[in-house]
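Undergrad: I have a structure I would like to understand better, so I am pasting it below and will then ask my questions one at a time.
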Amino acid sequence: MGIRRSLLSAAGAACALLPLTAAAAAPDPGPVPEPVVPDAVFPLVAYTEHDLGGASQAFGTGVFDADTGGLGAVGTDAISSLRVAEGYRVLACDLTPAQAAGAPDGLGACRYYDAGWYDRVGGGLDESISLLAVVAAAEQRGTGVTVYGGAGFTGGRLALGPGRHEADSGDLARLDAVNSLTVAEGHTAVLCDSFRSTAVASGNPGVCQAFGPGEHDTVGAGLTDVVSLVAVGGPAVTATQGYAMAGAAQSFAPGIHQAGAGELAIVGNDAISSLRVAPGYRVLACADDGAGADSLDECTLFEAGTHDLAGTGLDEAVSLLAVSAGPASGDLLTAYDGEGLAGTSGGFGPGIYAAADLGAVGNDEISSLRLADGVRAVLCEHDDTEPGEVGTCRLFTGGEHGDLGDLDDRASLLAVS
C-alpha cells in the first residue's frame with residue numbers, strides 16, 4: 001500500500017482523491033497529522049506517468065511555471081504523479097483557463113498537497129499542471145512580499161518571506177484581510193481563498209492567483225477580502241558582495257552561471273562574500289569559469305542555508321555558480337565509462353548529481369562525455385560539502401569530450417545545465 005493511500009485510510013477517507021467539486025463540499029472530519037515521507041531527499045519530485053513513473057524532475061522551494069520553462073524535464077501539461085517531502089507543501093495549478101481571452105481573475109483548477117506520495121495528482125489536474133509552488137514553513141523575514149489590508153497599499157501591512165503563510169495557522173492574523181501587495185524582484189506570490197478545504201492529504205484551495213515582481217494595488221475581485229493562503233517563492237540562490245548577506249546582491253535561478261558570460265554582472269566577478277541557498281537547493285561555487293583542459297580553481301559545494309565565505313579561497317573570488325535542486329530525466333549530457341564515447345552510458349537532464357545519482361555509468365567510472373549544443377556541465381572529483389573538498393573540477397561545453405584527462409575514472413559530482 002502506498003504512503004498516500006495508507007494516510008487516507010488512517011483518516012477514514014476514500015483511497016481515491018476527491019474531485020474538486022466534491023472536495024469543496026465535503027464536511028471537515030478534523031485535522032490530519034503531518035505525514036512522514038521516507039527517502040524523499042528533495043522537496044518535490046514530479047513525474048510524467050502515474051505511480052511515480054516516466055520522466056522526472058526534482059524541485060527545490062519556489063514558484064515554477066511553464067511559460068518560463070520552470071517545469072524542466074517534466075514540462076507543461078505532463079505531470080501525473082508527485083512525491084512531496086516531509087515539511088513541504090505543494091500548490092499545483094492549471095494556468096490555461098487564466099490565459100484564455102476574457103478569463104476571470106484567478107488561475108484554473110488548483111490543488112494543495114501535503115507531504116506524501118501521490119500516485120495520481122487527481123482533481124482534474126492529470127497532465128494539466130502548468131504552475132507549481134513548492135513551499136516550506138513560513139519564513140517571516142519580510143524579504144520578498146509585503147501584503148496590505150486595503151486596496152491601493154492602504155491599511156495594515158505585513159512583510160512575508162519565502163514559505164507558506166496560512167490564515168488557519170495564524171500567519172496572517174495581524175491583518176483583517178489581504179487586498180494589495182508588493183513583490184520584490186526574484187519572488188512570486190500565489191494567493192488563494194482557502195488554504196485547504198478537506199482533511200484528506202490534498203485539497204481544493206479555491207480561487208488562486210499568481211503575482212510576479214512589482215506593485216499590485218488590488219488582488220482582483222475573486223480574492224477581495226477572502227485571501228487565506230499566501231505562498232511566497234523566492235530565488236534559489238542569492239549572492240552578495242558583503243558578509244552576512246549585506247551589500248549589492250544578485251539572485252540566481254537553477255543553472256550554471258559564468259562571470260565570463262556576463263551572468264554575474266550585478267554582484268560582480270571576484271566580488272561575492274556570502275551566499276544564501278534556499279531549502280532544497282545546492283550550489284557549486286568555483287573561483288574560475290574557464291572551459292577546456294585546465295581544471296577550475298577552488299570549488300565548494302554548499303547546501304541550503306546562509307554561508308559567509310570569509311577565510312576561504314572563494315571570498316571575493318567566485319566566477320562560476322552551478323545551482324540546482326537535484327537530478328532530472330533527460331539526455332542533455334551522456335556520460336560513458338569508456339574513453340572515446342564507448343562502453344556503458346547514462347543520460348542526464350538538468351541538475352546536480354552526487355555519486356549515488358550517477359546510475360548505470362557509476363561513481364568513479366566516467367571517462368568521456370557528449371553534451372548537446374548549448375549545454376554546460378561541471379565535473380568534480382568528489383561530492384563532499386566541506387570547503388574545498390570536491391577536489392579537481394572542470395567545465396565542459398557542448399560537443400564530444402572523448403578524454404577527461406585527470407578526471408578519468410575519478411568523477412563523483414556532475415552539474416548539468
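Rundown of residues vs (1) touching an Asp or Glu at 6+ places or on another chain (Cβ under 7 Å); (2) modelled with pLDDT of 95 or more, yes/no style:
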site: PRO279; (1), (2): no, no
site: ASP289; (1), (2): no, no
site: ASP294; (1), (2): no, no
site: ALA304; (1), (2): no, no
site: GLY313; (1), (2): yes, no
site: GLU316; (1), (2): yes, yes
site: LEU320; (1), (2): yes, yes
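Undergrad: Looking at GLY399, GLY311, GLY374 in this structure, which one is assigned by the TED database to the domain that holds PRO279, surrounded by fewer than 19 Cβ atoms within 10 Å (Cβ to Cβ), free of Cβ contacts under 8 Å to residues at least 40 places away in the same chain and over 30 Å from VAL135 (Cβ atoms)?
TA: Numbers: GLY399 fails: assigned by the TED database to the domain that holds PRO279; GLY374 fails: assigned by the TED database to the domain that holds PRO279.
GLY311 is the lone residue from the list that is assigned by the TED database to the domain that holds PRO279, surrounded by fewer than 19 Cβ atoms within 10 Å (Cβ to Cβ), free of Cβ contacts under 8 Å to residues at least 40 places away in the same chain and over 30 Å from VAL135 (Cβ atoms).
Undergrad: I would also like to ask the following. Inspect region 276-290 for any residue being in contact with a helix residue (DSSP H, G or I) (Cβ under 7 Å, 6 or more places away or on another chain), outside the structural domain of GLY149 (by the TED database) and not in a loop (DSSP other than H, G, I, E, B) and give the result as yes or no. Working first, answer last.
TA: Step one: list which residues in region 276-290 are in contact with a helix residue (DSSP H, G or I) (Cβ under 7 Å, 6 or more places away or on another chain), which gives 276, 289.
From what is left, the residues that are outside the structural domain of GLY149 (by the TED database) are 276, 289.
Now drop any that are not not in a loop (DSSP other than H, G, I, E, B), which leaves 276.
Checked against the condition, which is being in contact with a helix residue (DSSP H, G or I) (Cβ under 7 Å, 6 or more places away or on another chain), outside the structural domain of GLY149 (by the TED database) and not in a loop (DSSP other than H, G, I, E, B), region 276-290 yields at least one hit.
Undergrad: On to the next question. Out of all the residues in region 176-189, is one or more more than 30 Å from LEU314 (Cβ to Cβ) and touching a Leu at 6+ places or on another chain (Cβ under 7 Å)?
TA: Yes, region 176-189 contains at least one residue that is more than 30 Å from LEU314 (Cβ to Cβ) and touching a Leu at 6+ places or on another chain (Cβ under 7 Å).
Undergrad: What residue, of ALA356, ALA415, is assigned to a helix (DSSP H, G or I) and either at pLDDT below 95 or of a type in the set (A, V, I, L, M, F, W, C) (or both)? It would help to see each step written out before you state the result.
TA: Details: ALA415 fails: assigned to a helix (DSSP H, G or I).
Going through ALA356, ALA415 in turn, just one is assigned to a helix (DSSP H, G or I) and either at pLDDT below 95 or of a type in the set (A, V, I, L, M, F, W, C) (or both): ALA356.
Undergrad: Among the residues of region 314-353, write down those that are open to solvent by less than 10 Å² (accessible area, probe 1.4 Å), on the phi > 0 side of the Ramachandran plot and part of a loop (DSSP other than H, G, I, E, B).
TA: Across region 314-353, the qualifying residue is only GLY326.
Undergrad: Among residues belonging to region 184-205 that are open to solvent by less than 10 Å² (accessible area, probe 1.4 Å) and at pLDDT 90 or above, point out the one that is farthest from the chain's Cα centre (by Cα).
TA: Going through the qualifying residues, I end up with CYS192.
Undergrad: Filter region 136-171 for residues that are more than 17 Å from GLY233 (Cβ to Cβ), modelled with pLDDT of 90 or more and not charged (D, E, K, R) and give the result.
TA: TYR148, GLY149, GLY150, ALA151, GLY152, PHE153, THR154, GLY155, GLY156, LEU158
Undergrad: Taking the condition of being among the hydroxyl-bearing types (Ser, Thr, Tyr), touching a strand residue (DSSP E or B) at 6+ places or on another chain (Cβ under 6 Å) and surrounded by 22 or more Cβ atoms within 10 Å (Cβ to Cβ), how many residues in region 259-308 meet it?
TA: 1
Undergrad: Next up: Considering only region 273-305, state which residues are touching a Leu at 6+ places or on another chain (Cβ under 7 Å) and either farther than 21 Å from CYS380 by Cα or among the acidic types (Asp, Glu) (or both).
TA: SER273, SER274, ASP288, ASP289, GLU298, listed by residue number.
Undergrad: Here are some conditions: (1) open to solvent by less than 10 Å² (accessible area, probe 1.4 Å); (2) at pLDDT below 85; (3) farther than 18 Å from LEU229 by Cβ. TYR118 meets all but one. Which one does it not meet?
TA: Just one mismatch for TYR118, condition (2).
Undergrad: Okay, moving on. Can you find a residue that is farther than 22 Å from CYS208 by Cα and in a loop (DSSP other than H, G, I, E, B) anywhere in region 52-69?
TA: yes
Undergrad: Also, I was wondering about something else. Only one of these is touching a Gly at 6+ places or on another chain (Cβ under 9 Å), crowded, with 19+ Cβ neighbours inside 10 Å and not aliphatic (A, V, I, L, M): GLY233, GLY220, GLY161. Name it.
TA: Going through GLY233, GLY220, GLY161 in turn, the sole match is GLY233.
Undergrad: Does ASP403 satisfy the condition of being of a type in the set (D, E, K, R), in a loop (DSSP other than H, G, I, E, B), farther than 23 Å from ALA342 by Cβ and modelled with pLDDT under 95? Break it down into steps so the answer makes sense when it comes.
TA: Values: of a type in the set (D, E, K, R): yes; in a loop (DSSP other than H, G, I, E, B): yes; farther than 23 Å from ALA342 by Cβ: no; modelled with pLDDT under 95: yes.
The answer is no for ASP403.
The values are calculated or read from the model by the stated rules, or taken from the named source; none is laboratory data. Note that this is a predicted model, so its numbers are computed, not measured. Cβ sites come from the backbone with ideal geometry, for glycine too, and all protein chains shown count toward neighbours. To get the accessible areas, we keep the full protein, side chains included, count just its heavy atoms, and leave off ligands, DNA and RNA. Shrake-Rupley method; radii C 1.70, N 1.55, O 1.52, S 1.80 Å.
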